[in-house]
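To start, the structure itself, in structure tokens.
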Amino acid sequence: MAHDGQNETPAKITPLKNGPVKVEGALQICGPDGAVLEAKDVVFLCRCGASKNKPYCDGSHKPMGFEA
């Protein structure tokens, strides 16, 4: 569930063909201590394992030919 500070709403999670996972909703990115680091409405998460900016996608899937 995504949390916008007042209402919990389901996040929309969409795996993109041969690319990252797109997550949409009122999202909070939290650190290991639970502190909110940033709030976003859309993030693209790496699923190829090659991103240098994990957990976010940096486009590394394209040159490596990732398929899913």
**Item:** Rel. contact order, % - alpha carbon contacts under 8 angstrom, at least six apart, the chain
**Value:** 26
**Asked** Arranged from highest to lowest average of other beta-carbon atoms within 10 Å per residue, in what order do the peptides 57-65, 43-51 appear?
**Response** 43-51, 57-65
**Rounded FRET efficiency, nearest 0.05, which uses the C-beta distance separating Ala35 from Ile13 and R0 of 35 Å** = 0.90
**Fill in**
Rounded to the angstrom and largest first, Cα extents along the principal axes for the chain equal 41, 23, 13
**Item:** Cut-off under 5 Å, modelled amide H: who pairs with Arg47 long-range
**Value:** Val21
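Since every read-out is calculated from the coordinates, none of them should be taken as a lab result. Because the structure is a prediction, the values reported are computed rather than measured. Neighbour counts are summed over all protein chains in view; Cβ atoms, including those assigned to glycine, are modelled from backbone coordinates with ideal geometry.
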